[in-house]
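As structure tokens, the structure follows; a few thoughts come after it.
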Amino acid sequence: MSNITDLSALELRDAIAGGEVSAVEATRAYLATIERTDPQVRAFNEVLAENALAQAQAVDAARTAGEKLGPLAGVPLAVKDNLATPYGKTTCSSKILAEFRAPYAATVVEKLHAAGAVILGKTNLDEFAMGSSTENSGFEATRNPWDLSRVPGGSSGGSAAAVAARQCAAALGSDTGGSIRQPAGFCGVVGFKPTYGRVSRYGLVAYGSSLDQIGPLTRDVPDAAMLTAAIAGHDPKDSTSLPADVPDYLSEVEHPIENLRVGLPREFYSDALDAEINAAIHAAAETYRNAGADIVEVSLPHSRIDRDEQGKLSSYAVACYYIVAMAEASSNLARYDGVHYGHRTDEAVDDIIQLYSRSRAEGFGPEVKRRIMLGTYTLSAGYYDAYYNKALKVRRLIKNDFDAAFQRCDVVLCPTAPTPAFAIGEKTGDPLTMYLADIYTISVNLAGLPALSLPAGLARDGLPVGMQLIGPALGESTILRAARMYETASGTTRLKPPMLSE
Amino acid sequence: MSKTIDLKLVRHIGKLSRIELTDLEAETFAHQLADILSYFDKLQELDTADVEPMAHAVELTNILAADEPHASLTPEQALANAPQRDGDFFKVPKVIGDSQ
């Protein structure tokens, strides 16, 4: 048996079911990797070792007793710390929730329990999932396992780094504007954001409610299929969850798509794109062509990317996305009041307004404050039409573009991010520059579509490059199968950062 | 088109947002908010006169829950994270009374 932590989640699941490895052995192997590597990577906010070992023992006992095992029985996973767990803390990497213990479990966490998974701990994120580098964490920045001086991406940077560093077999993240896919791209793993509503958001701490979606980060595409199948489905506790059956993604994923039509959006391949990433995506298109796919040009005019007079990247979709996300954030984060739960100022206050304002000032970090303030402003009387309502109209134009594109192709192929992982501190001085790290991922959330990022090889300095496949609503199977075709043909999978070979 | 956000406006937005701002924060945010709002103005280039706003990508409507009782949090669970409580109540500063 090769190293337990090098197995995919699927292989490990089968090894545990077959009695080759116990769930406790697997859990101990991952806990040992966390202990060895997390002082450098800092992917975890909290490691729940005792809890995880108890869950693993229960799986081993069930196996010994001959009980039927769940589809993830004994597989050690990590969960982003904005998903409510009925044990440990749920902090959103915010000082305002530093001591918060959720009185209930997120639906996805319950589904993982029901499938027999072992939860190793809670992973770091940009505070309330607001950011693209995990540097906005209220606690500490997570490092990219490929180069510890670089960011892992964000906001699910802890989950992406943990999967890349073999600290867990797979992880859950959340994606509001690219927060699963962009860190997956930066860390050389697979990240899948399903269709809006495909996975219940119950127990996901709300940021942008019309954009948020939970999904898996894994080391290969079959694992993404297996995890998605485990967490998808209608949930009466989330009225936006879709009442649609969940296909058997895992058994479908190995079936290549005949006559696959891969769309390349002409607006994404301007001189604005990094040359190496451009080359990697075109090489991926060539791989598809060799596998029998048709490459067609499609047009997404309202997601167009260009450079303004100062050379900055620019896109209608970025402006549209941040208006919508900040407006929703300003409303969702009004609940942190220093009264019901979360941080409350210790200082004497004159009245309840001051209690709110001071508690929030002490508890929120700068990016969260900026977004709440901008959202409040764009929703305020006199500005609503110019910003929020205008953005909702552009949002429809962006979705219409995708609808037209999917008349001509089955999946859209494009970069996940405009550059490989950037250096820690490189973009923290200018929020707007940081927002542009999401330029290829955000229009997908505005349109509510499923999209997956998978490794397309390594670029300069040995950093991973991500490629993104976007599909029509509820096109999860198509995306997973198309992604598996590339993964099989290219052999670019289960990438291992050099730090693990030392 | 470049926007200006003066300190008075930043403080007003802070008040609406229920976030106290230090002088340094107000100054930093004034610049950053102006930058970001100028970026948002890019949308004004687009003609959207005949476009319906879209608040949600998946337009489900009228989702009603069955009118059946189900378990909810106990008072103890609901109060467990309260920073200050008084018995079964959340504790707050005086809200009504002798202020003008």
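Each reported figure results from applying straightforward, stated rules to the coordinates on display, with no laboratory input. Please read all numbers here as calculations on a predicted model, not as lab measurements. Cβ sites come from the backbone with ideal geometry, for glycine too, and all protein chains shown count toward neighbours.
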Item checked: segment A:290-443, relative contact order in percent, only Cα pairs under 8 angstrom and at least six apart counted -> 33
Checklist line | Global form of chain B, assessed from the alpha-carbon gyration tensor, a/c cut-off 1.5 | finding: oblate
Next item on the list: Rank the residues A:Met499, A:Met130 as a footprinting-exposure proxy: fewest other Cβ atoms within 10 Å of their Cβ go first.
Entry: A:Met499, A:Met130
Checklist line | Loop-located trypsin sites (Lys or Arg not before Pro) in segment A:411-502, at most 15 other Cβ atoms within 10 Å (DSSP) | finding: none
Next item on the list: Among A:Met326, B:Met54, rank each residue by its count of other Cβ atoms within 10 Å, from fewest to most, as a rough exposure measure.
Entry: B:Met54, A:Met326
Item checked: Shape of the protein assembly as shown, Cα gyration tensor, a/c cut at 1.5 -> oblate
Notebook entry, point to check: Across segment B:87-95, in residue order, what do the Karplus-derived ³J(HN,Hα) couplings come to in whole Hz, using 6.51 cos²θ - 1.76 cosθ + 1.60 with θ = phi - 60° and x for Gly and Pro?
Noted result: x, 8, 10, 6, 9, 9, x, 3, 9
Notebook entry, point to check: What does the charge count near A:Gly74 come to, summing +1 for each Lys or Arg and -1 for each Asp or Glu among other residues with Cβ under 13 Å from its Cβ?
Noted result: -3
Next item on the list: Could you work out how far helix B:7-16 tilts from the main Cα principal axis of chain B, as a 0 to 90 degree angle to the nearest 10?
Entry: 30
Item checked: Charge dipole of the protein assembly as shown about the Cα centre (unit charges at C-beta), most positive-ward option of A:Ala165, A:Leu211, A:Pro450 -> A:Ala165
Notebook entry, point to check: Could the peptides A:239-252, A:169-182, A:63-76 be put in order, highest first, of the mean number of other beta-carbon atoms found within 10 Å of their residues?
Noted result: A:169-182, A:63-76, A:239-252
Next item on the list: Fewest Cβ neighbours within 10 Å first, please rank A:Glu110, B:Glu59 accordingly.
Entry: B:Glu59, A:Glu110
Notebook entry, point to check: Among the trypsin sites (Lys or Arg not before Pro) within segment B:26-91, which fall in a DSSP loop and have no more than 14 other Cβ atoms within 10 Å of their own Cβ?
Noted result: B:Lys91
Check: For helix B:23-40, what angle does its Cα long axis make with the longest principal axis of chain B, in degrees from 0 to 90 and rounded to 10?
Finding: 60
Notebook entry, point to check: Just counting partner chain Cβ atoms within 10 Å, what average do the residues of peptide B:29-41 show around their Cβ?
Noted result: 5
Checklist line | Charge context of A:Val109, other residues only, Cβ under 11 angstrom, K/R +1, D/E -1 | finding: +2
Checklist line | Gyration tensor verdict on segment A:400-502 (Cα atoms; rounded if a/c is under 1.5, prolate if a/b is larger than b/c, oblate otherwise) | finding: oblate
Next item on the list: For every helix of n ≥ 4 consecutive DSSP H residues, a contribution of -39,500 (n - 2.57) applies; sum these over chain A, divide by its total residues, and give [θ] at 222 nm rounded to the nearest 500 deg cm²/dmol.
Entry: -11500 deg cm²/dmol
Next item on the list: Place +1 on the Cβ of every Lys and Arg and -1 on the Cβ of every Asp and Glu in chain B, take the dipole about the Cα centre, and give the residue among B:Phe40, B:Thr74, B:Val92 whose Cα lies farthest towards its positive end.
Entry: B:Val92
Next item on the list: Output the antiparallel fraction of DSSP beta bridges having both residues in chain A, as a percent to the nearest 5.
Entry: 65
Notebook entry, point to check: Which value in deg cm²/dmol, rounded to the nearest 500, describes the helix-derived mean residue ellipticity at 222 nm for chain B, given -39,500 (n - 2.57) per DSSP H run of n ≥ 4 and division by the residue count?
Noted result: -10000 deg cm²/dmol
Checklist line | Net +/- balance of residues flanking A:Tyr269 in space, Cβ distance below 12 Å, scoring K and R +1, D and E -1 | finding: -3
Next item on the list: Filter the GluC sites (Glu not before Pro) in segment A:292-360 down to the DSSP loop ones having no more than 13 other Cβ atoms within 10 Å, then list what survives.
Entry: A:Glu309, A:Glu347
Check: Taking H as built 1.01 Å from N, whose amide H comes closer than 5 Å to the amide H of A:Gly457, not counting residues under 5 places away?
Finding: A:Val465
